[in-house]
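Working notes for the structure below.
The values are calculated or read from the model by the stated rules, or taken from the named source; none is laboratory data. Keep in mind the model is a prediction, meaning the values are calculated, not measured. Don't worry about glycine lacking a Cβ; one is built from the backbone with ideal geometry, like all the others, and counts go over all protein chains shown. Side chains included, ligands, DNA and RNA excluded: accessible areas come from the protein's heavy atoms. Shrake-Rupley method; radii C 1.70, N 1.55, O 1.52, S 1.80 Å.
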Amino acid sequence: MANTWGYGAMTNSLGDIQNSKAIIIFGANPAVNHPVGFQHFLKAKERNNAKIIVVDPRFTKTAAKADYYAQIRPGTDIPFMYGMLNIIFENGWHDKGFINDRVYGMEDVMKEAKNWPIERVADVTGVDADLIVQITKHYAQHTPGTLIWAMGLTQHSNGSSNTRMAPILQLALGNMGVEGGGCNILRGHDNVQGATDMCCLSHTLPGYYGLSDGSWKYFAKSWGVDYEWLKGRFKTPEWMNKKGFTLSRWWSGVLAGNPGEDAIHNNGTNLKALFVMGNGITSTAQTKKVKEALDALDLAVFCDPFVNEGAIITDKQDDVYILPAGTQFETSGSVTATNRSAQWRTEVVKPMYESKADQDIMFELAKRLGFYDELTAGMKIREDKKEYKWPEDATDEIARIIKTIGLTGWTAKRLKEHQENWHMFDEVSGRGYGKMTGEYYGLPWPCWTESHSGSPVLYNINRSVKDGGMGFRNRFGLEHDGQDLLAGAGSAPKGSNNKDGYPEINRDNIEEVLKIKLTADEKSRIGKNWKVDTSNIIAEKCMEAGMAPYGNAKARAKVWTFADQIPLHREPLHSPRTDLVKEHPSFADKKNHYRVDTRYISEQTKQDWAKDFPINLVTGRLVNMNGAGMENRASKYLAKLTPEMFCDIHPDLAGRYGIRDGEMMWIHSPQGTKIKVKSHYSYSVSPDRVFIPIHFAGVLEGESLLHKYPDGTAPYAIGESANTVTNYGYDIVTQIPETKGGLCQIARV
Amino acid sequence: MSNNNVDYARMKFYCDEQRCIHCDGCSVACAEAHELPVEISRRKVVTVNEGKQGMEFSLSVACMHCTDAPCEEVCPVDCFYIRDDGIVLHDKDKCIGCSYCLYACPFGAPQFPSDGAFGTKGVMDKCTMCAGGPEETNSHKERELYGQNRIAEGKVPVCAAMCSTKALLVGDAESVSNVYRERVLSSGHGVQSAPYGWDKAYGK
Amino acid sequence: MVGIKRMENKSFVSEYKVYLIIGFLFALLTYWYFWLATIADISYVYQFLLQIAQGNITGLVVPYESLTHHEQMEATLFGSNYNAIAPEVIRAFEERQHLLPIVFAVEFVLFATMFIIAKGRKQATITREEDKVQVYSLFQRIVLMLNIIIMIYLFITGFSITFGNWTGGGEIARFMRSTHEIVGVGWIPVWLIMTIIAFKDHKHFSRPSMKVWNKIFLRGSYKPMNRINYYAYVAFGFLLVLSGFIIWWMSPDAATHAETIQFKRFILFIHFMGSAIISFFTFETIYSYFVSVKGYIPGIITGKLPVEYLEQLRPDVLEEEDLRK
């Protein structure tokens, strides 16, 4: 998404969904994963007569509340959306003005859409042609429409194409930058958006600054740490700019060199140690590989409030450490919600027994490893003080430094004020009143300055920038292939000095673009560009001029740096339609993909997978469980609701294999792994696929690991891990695992 | 049915099947708040016609606190009592655990732990609408036997308080029907300016 | 009731008088209950029984798909057809506290009348106290004693449950109810063995060794009313055993409530019916062996009864080969 228009986050908000006239959901299950937030969907349905359209391989609880339901074959969202676009373009339902002014490259999409007539889409997706027409007609003609997605769309080998296809659909309909529209990606875990914004990822510095020298230097300066010292932390300087391993493939870093394992590019060494902090490592794909890797490590440390089941599946006896971390109730600080807004949390109880809050664990580690001073320097630098105050100084440090997503306004003081006055905001628009007038709840980023209101609806040019409006980000240059990438004339946010498209603001173009004059003092202090402007002058001046510091450009439907410039359909690596694999093969194998040689076409064509593994494997969540489930399965009432790992299977499919309802069954994966689960007859899946929930651990290929838990720490419910049988497959750009579109074979026990 | 007794409310539950998403928040909240044994389900959520398009729906059920409660009728030791506001409660010290109330109940509200020798039933436990029992209000004994007494503190029963989508409503029958009526009548009338009741809470 | 009559020159009616009377009363009772008094839906009960015979105990007698939306909700959440059986069960619970004392009073009057008509108690004149024969083996005595003690306990605790309005509930009443269940389950083997050993009509079949046989099977033969008591014990005891076991074994469970409650209501009703009817025949048995006739109590412990007692009151026992002198 970031490659389409600049930011890769939910563009509107949950409350804003109440403004929608049509809601289409691809691969998301908000009734289960956002039960309270689902109120907004229901209210849209009730009050706004908004129809809910669900496109999902199984009939979820969300689908039960939907008006239209398409039971799509996993991994065929792109053909579905092309089918929709084809109908939209043919009927002229697209927003021509919007496309003209604010989108680049739609012509290529229009051309590709012609390759997807409705019958072909029906064949590939498994959805009835009439239903696709019905859905498209309704969605296109009831605007504003909002498009919701989650893991069902992203966890594929071409997930990064999926997540561009959806924005393209919304752009075609002119549903972007309007209340009730937008691309509303539902983030899952508590503060996962915050973690993403701080880039707990291996390919960028916090705030999406990337790993270029310029970014490193900016951070060194902002943290008050010597740039050369930072550079010296790497084995050789060029490694400073190289992406690291991902969560989904770290184990390759350990196992590389073993027969059959993908090669790695890690400067001639394997990974030796692993420190897991608040991560359900058993919930990453290829559980058996994770186990193998854990066994082969020199050091494994697990830091969690409950025993991380990574410590259970490994056979490693020595040098395995479990550190008790406190929960979110035992610490204070800000958290970021799925709609980019921050909320302040206050400590409810001090960390219990020997538990320590996460930050204290990190500080203690830093002290012993010798970089505590450097780590904490950033919190003291602004006021040049000796002691830092946690968490306020950390929050203010983030606000001071992160300008890319406009966190400047997220001072601890403002966030705490919102916490104290959280009843003074409107449920739908987030607008504050009374004491909170002029602010949106949680100051959704970008919040350009310390007095900015926050931006609840991204890319909305019907509002002034001061009030949260903006155009698309100028992130991809000024022109491409001779076409202007800046927004069309007259399509600037309301009240802007510059009524047309304009580039991102830097030291050199600010006076010209904003039509202002800087003083000499300002000129001496101003930063190189808006992202590294420590003085904040650029942002302040932009606010006065009613302009967004990041420019006003066109969103691009064509990403010329990607393997597929416009999204193209590629079958999942393990597809039940061998005939379509020939027509729509996967990508070429990618070398050095986050340091791991990752297989695509070689895996897909290794054998006719559909022959021995004819059943689609669909994974998903349960409402009473969370992630790897170690916390919930240790809660007796939650465990009682689903005490065992199970598999939803259609009675007809079960009948073919002689599996009774409630009987144990085996699920075999193409990787040669298997799990033993209880069958559960359900009509929510069609007879060509089965569903397994992802939250269980503690049993591995039929063997119980209950004896391996330290005394008194075993959860009430254990079960097989779904990821023991999810297939090998990783997205071409992000390396997210293809857990939503695999194959399996089943057998009765 | 309107309440002819002007002095008291008539407390009722209502579960809106258009909104219930089977999140089980109500059943878990109840179990947590009253620290129930795991085998007891004072409140449970059931999905009907699972997986069938156009037919699937979910409902949360517990004691309905009937006006003509059959449980109260059949109890051989007369351990039930019905409050003026309609909440049906019982006395666990009197109860002999014969489970006749369960047989008579149309909704299966009475629950029995199998904690006696040879698996024989213990005394009956059921939803109290968070109104405790005959013991002294908010005493330790009441808490141990019946769970929280939230009604005495002016709080909403915990199941409805926790309902994710506000499918489960509880309160005076008239208030509940007003909320639901508002919900139905406002259908198609566009985005609300403030959530129901916020004008009373925050003087907006 | 009265002594054995000789079998020759008797009409059908006089020979089978007792059976005809009891049969007629039973038919009357059944007619009154099932056609006049009950508020249960008899046609539903019949269909339910058919379904049970086919393994479907949920209470649904029509296909689930044929139900309306509301009925489906009812059936899945609460159990089906509440109004078919439950009101009758409720009525039974309510009314028995008032009706049973009346019923027992009527039965008492009946027995009192019979006592008067029979002109008092029959007794045996014992002159030779020491001249005894071993009538009951050790095994038989244990079973008989157990049966008596357990049945007394079940009666007392059963009444404690029913007449909770007298006991007022509480710790002791709770203990009586829970032990009623356990002792009732414990009665199952006793009832079974009792059923076998009291089958005196086995004389119609050929049998091997008398000595072993008579250590197991009770001696003597049945007069008509006694035979009826025995068969009532078997039949209604069976219903009580089966229904009681199911009530105990199918513990209340919220998860399976909707699928099982209709069946359990039906079973509980069987249990009540069985207990009410068996109580009459139990009273009759007590009347026959201890009220209308003076029993020889020490005999139940030693197993030995005076020969004169047997000659005068129980000549059928003396007819047994191994006792014939």
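Just going by the charge dipole of the stretch A:276-369, with Lys and Arg at +1 and Asp and Glu at -1 on Cβ, which of A:Leu297, A:Asn339, A:Gln328 is farthest out on the positive end?
Positive-end residue among those listed: A:Asn339.
For A:Arg345, A:Arg748, write out the residues from largest to smallest accessible area, computed with a 1.4 angstrom probe and no ligands counted.
Result, largest first: A:Arg748, A:Arg345.
Quick one: accessible area per residue over the protein assembly as shown, 1.4 Å probe, rounded to a whole number of Å²?
That works out to 43 Å² per residue.
Convex hull over the alpha-carbon atoms of chain C: what's its volume per residue in Å³?
186
I need the phi-derived Karplus couplings for the stretch A:469-483: 6.51 cos²θ - 1.76 cosθ + 1.60, θ = phi - 60°, integer Hz, Gly and Pro marked x.
Values, residue by residue: x, 4, x, 7, 7, 8, 10, 10, x, 8, 7, 9, 6, x, 9 Hz.
Are there residues in the stretch B:118-145 whose accessible area shrinks by at least 40 Å² when all protein chains are included rather than the chain by itself, and which are they (probe 1.4 Å, ligands and nucleic acids not counted)?
Residues shielded by partner chains are B:Phe118, B:Thr120, B:Lys121.
Evaluate peptide C:254-264: per residue, the Cβ atoms of other protein chains within 10 Å of its Cβ; return the mean as an integer.
Shielding by partners across C:254-264 averages 4.
Dipole magnitude of the protein assembly as shown about its Cα centre, charges +1 at Lys/Arg Cβ and -1 at Asp/Glu Cβ only, in debye to the nearest 20?
Roughly 1420 debye, rounded to the nearest 20.
How much accessible area does C:Arg121 have with a 1.4 Å probe, in Å² rounded to the nearest 10?
Approximately 110 Å² of C:Arg121 is accessible to the 1.4 Å probe.
Which of the listed residues, A:Leu153, A:Thr578, A:Gln141, is farthest toward the dipole's positive end in chain A, when Lys, Arg count +1 and Asp, Glu count -1 at the beta-carbon?
A:Gln141
Only bridges with both residues in chain A count here: give the DSSP antiparallel percent, nearest 5.
Antiparallel: roughly 45 percent of the beta bridges in chain A.
Run through the DSSP bridge list for the protein assembly as shown and note the antiparallel percent, rounded to the nearest 5.
55
Could you please put C:Val241, A:Val133 in sequence from largest to smallest accessible area, using a 1.4 Å probe?
A:Val133, C:Val241
Looking at this model, which pairs from B:Lys166/C:Lys264; A:Lys291/A:Lys676; A:Lys403/A:Lys494; A:Lys291/A:Lys740; A:Lys242/A:Lys367 are more than 24 angstrom apart at the alpha-carbon?
Beyond 24 Å: B:Lys166/C:Lys264; A:Lys242/A:Lys367.
Per residue, how much space in cubic angstrom lies within the convex hull of the C-alpha atoms of chain A?
160
Please compute the net charge surrounding B:Ala161, taking Lys and Arg as +1 and Asp and Glu as -1 over other residues with Cβ under 11 Å from its Cβ.
After counting each charged neighbour, the total is +3.
How much space per residue, in cubic angstrom, does the convex hull of the C-alpha atoms of the stretch A:615-662 take up?
Enclosed volume per residue, from the Cα hull, is 90 Å³.
Would the stretch A:595-749 count as rounded, prolate or oblate if I go by the C-alpha gyration tensor, calling it rounded below 1.5 in a/c and otherwise prolate when a/b exceeds b/c, oblate otherwise?
Taking the square roots of the gyration eigenvalues as a ≥ b ≥ c, the stretch A:595-749 is oblate.
What number, in nm² with one decimal, is the all-direction average of the projected area of the convex hull of the alpha-carbon atoms of the stretch A:407-541?
Answer in nm², one decimal: 9.3.
To the nearest 10 square angstrom, how much accessible area does A:Met543 have with a 1.4 angstrom probe?
20
How large, in percent, is the carbon and sulfur part of the accessible surface of the stretch B:11-187 at a probe radius of 1.4 Å?
Accessible surface attributable to carbon and sulfur in the stretch B:11-187 totals 51 percent.
Once you have the Kirkwood Rh of the protein assembly as shown from its Cα pairs, apply Stokes-Einstein at 20 °C and 1.002 mPa s and quote D in µm²/s.
Taking Rh from Cα pairs, D becomes 60 µm²/s.
Using only alpha carbon positions, build the gyration tensor of the stretch B:11-187, then give the equivalent ellipsoid semi-axes as the square roots of 5 times its eigenvalues, largest first, whole angstrom.
Working through the eigenvalues yields semi-axes of 27, 19, 16 Å.
What accessible area, summed over both chains, is buried at the C-B interface (1.4 Å probe, Å², nearest 100)?
Its buried surface, counting both partners, is about 3400 Å².
At a probe radius of 1.4 Å, figure out the B/A buried accessible area, summed over both chains, and give it in Å² to the nearest 100.
Roughly 3300 Å² of accessible surface disappears when B and A pair.
Cα centroids of the stretch A:337-381 and the stretch A:120-185: how far apart, whole angstrom?
Distance between centres, Cα-based: 40 Å.
Post the alpha-carbon centroid distance, the stretch B:22-43 to the stretch C:259-308, in whole angstrom.
Rounded to whole Å, the Cα centres lie 45 Å apart.
Kindly tabulate the residues in the stretch C:162-201 with an accessible-area decrease of at least 40 Å² between the chain alone and the assembly of all protein chains, using a probe of 1.4 Å.
Those are C:Arg174, C:Arg177, C:Ile182, which lose 40 Å² or more relative to the chain on its own.
For A:Arg633, A:Arg463, A:Arg431, give the ranking by accessible area with the largest first, probe 1.4 Å.
Result of the area sort, largest leading: A:Arg431, A:Arg463, A:Arg633.
With a 1.4 Å probe and all protein chains kept in place, how much accessible area does A:Lys674 have, in Å² rounded to the nearest 10?
Answer for A:Lys674: close to 70 Å² accessible.
How large is ³J(HN,Hα) for each residue in the stretch A:276-283, as worked out from phi by the Karplus curve 6.51 cos²θ - 1.76 cosθ + 1.60 (θ = phi - 60°), to whole Hz, x for Gly and Pro?
Once θ is set to phi - 60°, the couplings for the stretch A:276-283 become 9, 10, x, 9, x, 5, 7, 9 Hz.
How big, on average over all directions, is the shadow cast by the Cα convex hull of the stretch C:70-175, in nm²?
That works out to 13.6 nm².
Per-residue mean of other chain beta-carbon atoms within 10 angstrom of the beta-carbon, peptide B:87-98?
Mean shielding count: 5.
Hull surface divided by four, with the convex hull built on the Cα atoms of the stretch A:670-749: how many nm²?
One quarter of the hull surface, i.e. the mean projection, equals 7.2 nm².
Between the alpha-carbon centers of the stretch B:158-174 and the stretch A:677-692, tell me the distance in whole angstrom.
The stretch B:158-174 and the stretch A:677-692 have Cα centres spaced 33 Å from each other.
Of the accessible area of chain A, with the probe set at 1.4 angstrom, what percent is carbon plus sulfur?
Result for chain A: 51 percent of the exposed heavy-atom area is carbon or sulfur.
Can you classify the stretch A:378-466 as rounded, prolate or oblate using the Cα gyration tensor, where a ≥ b ≥ c are the square roots of its eigenvalues, rounded means a/c under 1.5, and otherwise it's prolate if a/b beats b/c and oblate if not?
Oblate, since a/c reaches 1.5 and b/c is not below a/b.
Calculate the translational D of the stretch C:138-248 in whole µm² s⁻¹ from Stokes-Einstein, where the hydrodynamic radius comes from the Kirkwood formula applied to all Cα pairs, the temperature is 20 °C and the viscosity 1.002 mPa s.
137
Treating the beta-carbon of each Lys and Arg as +1 and of each Asp and Glu as -1, no other charges, what is the dipole magnitude of the stretch C:169-262 about its Cα centre, to the nearest 20 debye?
So the magnitude is around 920 debye.
If you place +1 on the Cβ of every Lys and Arg, -1 on the Cβ of every Asp and Glu, and leave all else neutral, what size is the dipole of chain C about its Cα centre, to the nearest 20 Debye?
That gives chain C a dipole magnitude of about 1520 debye.
A 23 angstrom limit on the alpha carbon distance is what I want to check against. Which of A:Lys288/A:Lys582; A:Lys65/B:Lys44; A:Lys380/A:Lys523; C:Lys119/C:Lys294 exceed it?
From the list (A:Lys288/A:Lys582; A:Lys65/B:Lys44; A:Lys380/A:Lys523; C:Lys119/C:Lys294), the Cα-Cα distance tops 23 Å for A:Lys288/A:Lys582; A:Lys380/A:Lys523.
Taking just the alpha carbons, could you work out the radius of gyration and Dmax for the stretch A:691-737, both in angstroms?
13.9, 43
If I compute solvent accessible area with a 1.4 Å probe over the protein chains, what percent of it on chain C is carbon and sulfur?
For chain C, the apolar C and S fraction of the accessible surface comes to 70 percent.
Between the chain alone and the structure with every protein chain in place, find the residues of the stretch A:636-674 that drop at least 10 Å² of accessible area; heavy atoms, 1.4 Å probe.
Buried-area filter returns A:Lys636, A:Tyr637, A:Leu638, A:Lys640, A:Leu641.
Can you give the Rg/Rh ratio of the stretch C:222-325, where Rg is from the C-alpha atoms and Rh is the Kirkwood radius?
Radius of gyration relative to Kirkwood radius: 1.20.
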